[in-house]
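Let me begin by presenting the structure, written as structure tokens, before commenting on it.
The values are calculated or read from the model by the stated rules, or taken from the named source; none is laboratory data. Keep in mind that this is a model prediction, so the values were computed, not measured. We place every Cβ from the backbone using ideal geometry, glycine too, and count neighbours over all the protein chains shown.
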Amino acid sequence: MATAREWVGIQKFPLATQTALLEILGTLKEKEMDSLTVLVMGKGGVGKSSTVNSIIGERAVAVSTFQSDVPRPVMVSRERSGFTLNIIDTPGIVEGGYINDQALELIKRFLLNKTIDVLLYVDRLDSYRVDNLDKQIVKVITESFGKEIWRKGVVVLTHAQLTPPDCLSYEDFFARRSDAILKVIDSGAGAGVGAPFRKREVLGHAIPVALVENSTRCNKNDGEEKILPNGTSWIPSIVKTIAEVATNESKSILVDQKLIDGPNANERGKMFIPLILAFQYFFVVKRVQSWIKDDIAKAPKSSWE
Amino acid sequence: MASFTAGTGQFLTLGPTRRRSNPKTSSHPKPSTTHLATPIRCQQISSQNPNTKPSKPLKVPLKTLGVAAAVSGVIFLTGGKNPLLSSGSGGSGGGGAAGGGGGGGGGGGWGGGGFWRKLFSAAANADEEKGNEWDSHGMPADIVVQLNKLSGFKKYKVSEILFLDKVKSILVGSDDSFFEMVSLRANGVYTKAQLQKELETLATSGMFEKVDLEAKTNADGTIGLTVSFTESTWEEADHFRCINVGLMAQSKGVDVEENMTEKEKVDYMRNQERDYRRRMDRARPCMLPSSVHNEILSILGQGNVSARMLQNIRDRVQKWYHDEGYACAQVVNFGNLNTNEVVCEVVEGDITRVVIQFQDKLGNVCEGNTQIGVVKRELPKQLQKGNVFNIEAGKQALRNINSLSLFSNIEVNPRPDEKNEGGIIVEIKLKELEQKSAEVSSEWSIVPGRGGRPTLASIQPGGTVSFEHRNIKGLNRSVLGSVTTSNFLNPQDDLAFKLEYVHPYLDGVSNPRNRTLRTSVFNSRKLSPVFTGGPGIDEVPPIWVDRAGVKTNITENFTRQSKFTYGIVMEEITTRDESSNISSNGQRVLPSGGISADGPPTTLSGTGIDRMVFGQANITRDNTKFVNGAIVGERNVFQLDQGLGIGSKFPFFNRHQLTMTRFIQLKEVEEAAGKPPPPVLVLHGHYGGCVGDLPSYDAFTLGGPYSVRGYNMGEIGAARNILEVAAELRIPVRNTHAYVFVEHGNDLGSSKDVKGNPTEVYRRMGHGSSYGVGAKLGLVRAEYAVDHNSGTGALFFRFGERF
């Protein structure tokens, strides 16, 4: 992190935003945190890179609108008055309707030995339904980093500036959409490795949902702050959420080799193999042998034998 | 010797002897009915050998022939290469053997042998006879002529033969057992000498107190013969005893001199009596079961012991022996008549020697390459020296020897032991196969070239070259090798080879423990069922798993079907894609049509090449048998691969499989050829599991004709632990069966424990059931199976059995 550049982008933000951000950084520092690592994951083309850029306040990551995003994970580090913010932008892990295992491998390898304080799970607000693919992504993330990652998770919904379909208020639409996604996360994480999540476990700790609008045509308020249709200025709001999640009671996730490999089924029970072998010899092979002996004894003899 | 037996007992005759206790041994060739009338009540029945008769044109009754064949030569043919020899060969040997013993009127060597000779001579005579003309009797018609009045120079044609029982004054039908005793047949041509001989034979047979032969002239020049007789009878008996007199020295009777004083005669008689008692004591009890014993007692209860009754008893006793396979057993004598006990003397056919003989291609005896011990250990105990010869044991020996596959022809052949009366020598004649053989088979394959049309270059010569060196050192060790390729011009493309060394009798030929060492160098190429798509996906690029390595194992056979194998395998596994490039990951087709190579890893090392050494063990318990063609019983197999931590990534694993199959017979049926098989319920369970390192090629796959029918190979999934259960009900239909089945396979949630989760990557369910119906048509199973995952059915034709 020594190479972290000065966070200059922060100065380009409207004054109100700057103040809010600095305030948040201050509180983080108070809690004796001097760095924060944010992992951004999600489907391709939902606006992960744009979100990163928006938060940093500069074009730190190349956004490729039509291309399959960033080919490899990129970490953007910015330092401001002794506080370092690391944002890891990842390529979309979905390609052509499938989870791209290779991309996932890349991400995992990139994250090796890093600590993730916050996971931003990015999706669009303006898609209407969740499908199997969403479930798979959630599952993959859960499998890769363990279900604990969701305690550090924030759901980010991009393209927040939209007009909801008829007869739905923006609030209603947002509530439904985030509900649906949270449900997916709940089930996806549950379907992941290990013991299934008990319902309360994730919901008990409600995953916060943040809204994002990266478009330059984003509405702005008087202070030139980008605002959402509901009027909130979203950059300070999302950073605040991130900070909150980062400082919640759950521990940050350290990505080590073990975590990347996942629970290695090949290693499971290996130490018991000698025992298993002994069991097989004494209780299976011996048993079958005694059966054979019985067979020989019981074999119907011809009258001449 | 007046007493000893006919080969088949068909010609049992009563040889009167003077002394009650002169059992089977009186050697007087002058027995006559008068002796029976002597006040001393001592008779002895002895069956006599027909060979003592002069050769006559006799047609041996079929029944006799059948038995004779069984006795004279139990010859089994195998290999089918040289359809060989008839039972005649054995017979001739036997005949020759007994020839010396065959004597004049009174007796001859051991019955069986003599009989064969007779058989032969009979056949020969019959031939002669055909060409011969016959002479008219030259006398007025319808007069009765005494036998001695006939001319000695004429050949008389006998138009009919009548038997007249003088006691009952009735004619005896041709179905009477006496009828068989006379070798004369209607329409035969005989000389006076022959007729006289016949009469003499009948008279000395001991069956008759008195017997006469008269001729009646017919108008057409032929004569009719009337045999008038009085049957011998003895006192009633209520005890029966059967003894085995095989291998007992035939005691030499001392002739009763005409000039003996009365005292001498009494002494002689006592001696005889004592001898016989001693003989009976020394004799071994025979095997006759009490059921037959009781049957015979009931025959005895019918009244006075008569010749016919004895014949009945003899038939019954012999029938039991022959039914049980003791083909060489003979009733040789009845003793102790006129006491209240009938003693039946049986020569059961004790084996005195087992001779193993090798023959060259021309059938000459030669020195064999095979060590005798190799053959000896295949002989059942019952075929060893000191046991009673049994034809079934002989067949068993034949099957056992045949399963060595060292011989092109095997004969197991009992013949009488001329040095040891009543003994049987089992002769095993073997023709060895060539030790070395090589074979080349070739095939041309025409591969469509560019544009789909075959060109000259696309014609590929392929084939198999194999060689075999059998029976090295005469210990049945062998080396075999084969190389198969589909293109000899470019064999590196696909070359399958196998080189195997088999070393049986690891613990020594004489050790009953049967362990075989096998070492082989091999390679194989198989399509991996792990990389197969589920129902939704039709095209998954295939992964070929090539294995090449060395394998050594020891197999211990407990029974023909149950065995224990353990050994070590060293192999290199290479996974390749369609175009034979080494691939480290499975591929999958993207919806866009592209192929992505980021599928599950194919190997443990992740490079596409794994090397490993592991232990392998397999114990099979199989007690299945066939009941009228339906398989019934139980089969359990436990198989274990134990990684030793040697190889790429130090693989350490315990991969185990347990298969339990039960074939339950649902109805008792009579077991016999041609009877319908019983309905059978088959229950099957298969568990497979692995702890430790599990490369994808060793994952257990579900689905396929030997896993869950109705699915393709691996269509259900590939997992770390699996469970398959199946039930099948087989109903016999005509001479085959139809069946219904239900099957289920489950990954027990362990698909994800295979690296890369190929089950999920290729969209498979991980579990599936099926049900269906089918019929067995010869070797082919035709079945309609419904796969429960997609709910669709399909018709399958498969070779071989599912279980």
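Quickly run through region B:330-358 and pick out the residues that are closer than 24 Å to B:Ile410 by Cβ and either acidic (Asp, Glu) or touching a helix residue (DSSP H, G or I) at 6+ places or on another chain (Cβ under 8 Å) (or both). Full working, then the answer.
First pass over region B:330-358, keeping only residues closer than 24 Å to B:Ile410 by Cβ: B:349-358.
Selection gives B:Asp350, B:Ile351, B:Val354, B:Ile356.
Residues that are at pLDDT below 80, more than 14 Å from chain B (Cβ to nearest Cβ) and either under 18 Å from the mean Cα position of the chain (by Cα) or surrounded by 20 or more Cβ atoms within 10 Å (Cβ to Cβ) (or both) do occur in region A:85-105. Residues in region B:294-330 that are among the basic types (Lys, Arg) and under 30 Å from B:Val426 (Cβ atoms): B:Arg314, B:Arg316, B:Lys319. Scanning region A:36-45 for residues that are in contact (Cβ under 8 Å) with a residue 60 or more places away in the chain and either surrounded by fewer than 24 Cβ atoms within 10 Å (Cβ to Cβ) or closer than 15 Å to A:Ser77 by Cα (or both) yields A:Leu36, A:Thr37, A:Val38, A:Leu39, A:Val40, A:Lys43. All told, B:Arg621 falls short of being part of a loop (DSSP other than H, G, I, E, B) and either touching a strand residue (DSSP E or B) at 6+ places or on another chain (Cβ under 9 Å) or in the same structural domain as B:Ile401 (by the TED database) (or both).
Do we have A:Gly223 as in the same structural domain as A:Thr241 (by TED's automatic domain parsing), in contact with a Lys or Arg (Cβ under 7 Å, 6 or more places away or on another chain) and either at pLDDT 80 or above or not aliphatic (A, V, I, L, M) (or both) here? No, not satisfied.
In the set A:Gly153, A:Gly146, which member is closer than 27 Å to B:Pro601 by Cα, away from every other protein chain (no Cβ under 14 Å), under 12 Å from the mean Cα position of the chain (by Cα) and crowded, with 16+ Cβ neighbours inside 10 Å?
On the way: A:Gly153 fails: closer than 27 Å to B:Pro601 by Cα.
Result: A:Gly146 is the single residue among A:Gly153, A:Gly146 that is closer than 27 Å to B:Pro601 by Cα, away from every other protein chain (no Cβ under 14 Å), under 12 Å from the mean Cα position of the chain (by Cα) and crowded, with 16+ Cβ neighbours inside 10 Å.
For region B:753-763, filtering for residues that are more than 9 Å from chain A (Cβ to nearest Cβ), closer than 23 Å to B:Val691 by Cβ and of a type in the set (Lys, Arg) leaves 0. Is it fair to say A:Arg109 is surrounded by fewer than 21 Cβ atoms within 10 Å (Cβ to Cβ), part of a loop (DSSP other than H, G, I, E, B) and not polar (S, T, N, Q)? Here the answer is no, as A:Arg109 does not meet what is asked. Tell me, yes or no, whether region B:161-178 has at least one residue that is assigned to a loop (DSSP other than H, G, I, E, B) and at pLDDT 80 or above. Scanning region B:161-178, I find no residue that is assigned to a loop (DSSP other than H, G, I, E, B) and at pLDDT 80 or above, so the answer is no.
The rows are residues; the columns are (1) facing chain A (nearest Cβ under 9 Å); (2) over 35 Å from the mean Cα position of the chain (by Cα); (3) modelled with pLDDT under 95.
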position: B:Gln587; (1), (2), (3): no, yes, yes
position: B:Leu590; (1), (2), (3): yes, yes, yes
position: B:Ser596; (1), (2), (3): yes, yes, yes
position: B:Pro601; (1), (2), (3): no, yes, yes
position: B:Ser605; (1), (2), (3): no, yes, yes
position: B:Asn623; (1), (2), (3): yes, no, yes
position: B:Val627; (1), (2), (3): no, no, yes
position: B:Gly645; (1), (2), (3): no, yes, yes
position: B:Ser648; (1), (2), (3): no, yes, yes
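From the set of residues in region B:643-654 that are in a strand (DSSP E or B) and out of contact with any helix residue (DSSP H, G or I) (no Cβ under 6 Å at 6 or more places or on another chain), which is nearest to B:His684 (Cα to Cα)? Only one residue tops the list, namely B:Phe653.
Among the residues of region B:755-777, those that are among the hydroxyl-bearing types (Ser, Thr, Tyr) and buried (at least 22 other Cβ atoms within 10 Å of the Cβ) comprise B:Thr759, B:Tyr762, B:Ser770. Within region B:732-743, being of a type in the set (Val, Ile, Thr) and modelled with pLDDT under 95 holds for B:Val733, B:Thr736.
Of the listed requirements (1) away from chain A (no Cβ under 14 Å); (2) surrounded by fewer than 19 Cβ atoms within 10 Å (Cβ to Cβ); (3) touching a Pro at 6+ places or on another chain (Cβ under 7 Å), B:Asp577 misses just one: (2).
This table checks each residue for (1) within 14 Å of chain A (Cβ to nearest Cβ); (2) in a loop (DSSP other than H, G, I, E, B); (3) without any contact (Cβ under 8 Å) to a residue 40 or more places away in the chain.
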site: B:Lys667; (1), (2), (3): no, yes, yes
site: B:Ala672; (1), (2), (3): no, yes, no
site: B:Pro676; (1), (2), (3): no, yes, no
site: B:Leu681; (1), (2), (3): no, no, no
site: B:Val691; (1), (2), (3): yes, no, yes
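Being surrounded by 16 or more Cβ atoms within 10 Å (Cβ to Cβ) and within 12 Å of chain A (Cβ to nearest Cβ) is the filter here; which residues of region B:522-556 pass it? Across region B:522-556, the qualifying residue is only B:Glu556. Answer yes or no: is there a residue in region B:385-401 that is in a loop (DSSP other than H, G, I, E, B) and within 15 Å of the chain's Cα centre (by Cα). Yes: region B:385-401 contains one or more residues that are in a loop (DSSP other than H, G, I, E, B) and within 15 Å of the chain's Cα centre (by Cα).
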